[in-house]
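Please read through the structure below; I'll follow up with questions.
The values are calculated or read from the model by the stated rules, or taken from the named source; none is laboratory data. Computed from a predicted structure; not experimentally measured. Cβ placement follows ideal geometry from the backbone for every residue including glycine, while neighbour counts extend to all protein chains displayed.
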Amino acid sequence: MTELPDPALAHLRRVLSAPEVPGDRYQPAELLGEGGMGLIYRAEDRVLGRAVALKVLRPELADAPLADRLAREARILAALEHPGIVPVHDAGTLADGRVYYVMKLVRGERLDAFAASRPLSAVLRVFLQVCETVGFAHAQGIIHRDLKPSNIMVGSFGEVLVLDWGIARVLGQVDAAGGTEPPAPGALAPEQTAAGTVLGTPGFMAPEQAQGAVGQVDARSDVWALGAILRGLAGAAAPRPLASVCRRATAPAPADRYASAAELAADVARYLDGAPVLAHRASLAERLGRWYLKYQTPIILVLSYLAMRLLFLLWRGR
Amino acid sequence: MMARAAHGPDDGPRGFPATRYSVVAALADADPEVRRVAFDALVSAYWRAVYLHLRWRWHQLPQDAEDLTQEFFARALERDFLQGYDASQARFRTFLRLCLDRFAGRMHRDARRLKRGGGREPLALDFAGAEERFAAAGQVSEAAAEELFHREWVRALFGAAVDALAGDCLGTAREVRFRLFEQCDLGAVDGGARPTYRELARTFDLPETQVTNHLAWARREFRRHVLERLRALCGSDDEFRAEARALLGVDPG
């Protein structure tokens, strides 16, 4: 009998676990990463001659109620056409019945890795793009629910992509009278997560999400996660106004947070511009300092003039 | 090194004659010939894991481990104790390892010297090859011995599937597919030093797309052979699905 050496054994296990995609178009290669729900492979698109990413449900979840989530994620991504959201090219069912979808292969680095080697101002500008993408999704009635640095990729050309929409919540459409309309045929159905179900990542889950209060999860829950991300990016020695922005974004009560990702982004942009942020009540010294920095040149000119004038008067009075 | 050695049960009739065939079920068959074929398949899949387990876990000397391996399988055949397997209680390979541990423990306690041969025809097994594996593994803890038992079982399973694929291809128009698979997937190369598709295309004088197509076919067939053998070595469909997921990360459907 053929006796396989250990490296060949390990290689064959990897080869065998690669998904078997019907047809000849997609040829899966190596495993790029794995999450709680899915496995992501690099694959070759033989028709268009390009590398793509192929996401497949984890085999052990094939029978679970989570099985529909991957198909749902593909539909969500397809519905969200935005430069900050990875485009879906195709979707289908593997030979073993598992759902898969094909998306653009994202090359770049995770937000936390990006932040480790960049100045804070550059990192904050990336953060603003994340907020813009999340705000766009909110405008479409979609809450991400799993925002964290590992789900944000910064490409080599500065593009910023928000990934992993597997546990996103689709809010019901609200009609003019305030009632909830059923979704149009073919539209994304509102989320069916049962009350008490906790989905997300500890440390990046708003309190209402961590408690499984599904009905209370809304855009402000994502704002909380964005605040947690911002706190990590700013570090322990964050300037006080920025620390205040983080505190407000991660306030325990949703009503005390920024109402939207756009509001949060606006405050971060104010900080970047050196303007007062809404989340921070500045002390007199801070206000004077900021005022001085803003009008530094005229202040120096006026003070120089006054000093010269004083010297002149003193000289005349001798 | 990848090695091919012919020995004992592998030389006889194929141990996995049909897709839905179950070695575990066939061990209890009324027909002695069916039982014998199933037993050969069982020995083929497990003898090396059994021998090395006796060396690692029970610290037996090579000659004693050889005798105990022969005795274990002989008693399994004569006393039918593997027929006591209950698929609802444990995986078959767990059950087999527990039987082996009980057997080895009894032998150890009784400190009974085995009568070599005992009048039976010994199984032709490549113990020297297994000894090389033992030497290569070095010192092994009790916990690691369990993991290594599993790995040797996987090695036997994959080895049998490679042989089956070779049997399908060699000497036919599909030979190039197996040769590509052999070069790309069976080599003992560590890290990223496996040949690229482009290199394989040059070596075999084929377009690159043909190389990937052939490899995709060979891997699909290899997977089929592995799953076929895995199914035969499991006591139930549930066990088969669980093993396939644990081993290959795939749902066999």
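So, A:Ala228, is that one surrounded by fewer than 17 Cβ atoms within 10 Å (Cβ to Cβ) and either hydrophobic (A, V, I, L, M, F, W, C) or over 24 Å from A:Pro119 (Cα atoms) (or both) or not?
no
A further question on this structure: So in region A:206-224, with the set limited to residues that are touching a residue at least 60 places away in the same chain (Cβ under 8 Å) and either in contact with an Asp or Glu (Cβ under 8 Å, 6 or more places away or on another chain) or part of a loop (DSSP other than H, G, I, E, B) (or both), which one is nearest to A:Arg118 (Cα to Cα)?
A:Ser221
Let me ask you something else. Report the residue count in region A:278-318 for those that are closer than 29 Å to A:Arg257 by Cβ and among the hydroxyl-bearing types (Ser, Thr, Tyr).
1
When region A:45-62 is examined, which residues are found to be under 16 Å from A:Leu94 (Cα atoms) and touching a strand residue (DSSP E or B) at 6+ places or on another chain (Cβ under 8 Å)?
Selection gives A:Asp45, A:Ala53, A:Leu54, A:Lys55, A:Val56, A:Leu57, A:Arg58.
Mind listing whichever residues of region A:254-300 are within 31 Å of the chain's Cα centre (by Cα), surrounded by 11 or more Cβ atoms within 10 Å (Cβ to Cβ) and of a type in the set (Gly, Ala, Ser)?
A:Ala259, A:Ser260, A:Ala261, A:Ala262, A:Ala265, A:Ala266, A:Ala269, A:Ala275, A:Ala279, A:Ala282 - these are the residues of region A:254-300 that are within 31 Å of the chain's Cα centre (by Cα), surrounded by 11 or more Cβ atoms within 10 Å (Cβ to Cβ) and of a type in the set (Gly, Ala, Ser).
Turning to a different aspect of this structure: Looking at (1) farther than 30 Å from A:Tyr258 by Cα; (2) at pLDDT below 90, which is the one condition that is false for A:Ala275?
(1)
Enumerate the helices (runs of 4 or more DSSP H) found wholly within region B:22-105, keeping only those where 2 or more residues are surrounded by 20 or more Cβ atoms within 10 Å (Cβ to Cβ), touching a residue at least 24 places away in the same chain (Cβ under 8 Å) and out of contact with any helix residue (DSSP H, G or I) (no Cβ under 8 Å at 6 or more places or on another chain).
Once the helices (runs of 4 or more DSSP H) in region B:22-105 are filtered for at least 2 residues that are surrounded by 20 or more Cβ atoms within 10 Å (Cβ to Cβ), touching a residue at least 24 places away in the same chain (Cβ under 8 Å) and out of contact with any helix residue (DSSP H, G or I) (no Cβ under 8 Å at 6 or more places or on another chain), what remains is B:62-79.
For region A:8-26, enumerate the residues that are at the interface with another protein chain (Cβ under 7 Å from one of its Cβ atoms), farther than 12 Å from B:Arg220 by Cα and surrounded by 16 or more Cβ atoms within 10 Å (Cβ to Cβ).
A:Ala8, A:Leu9, A:His11
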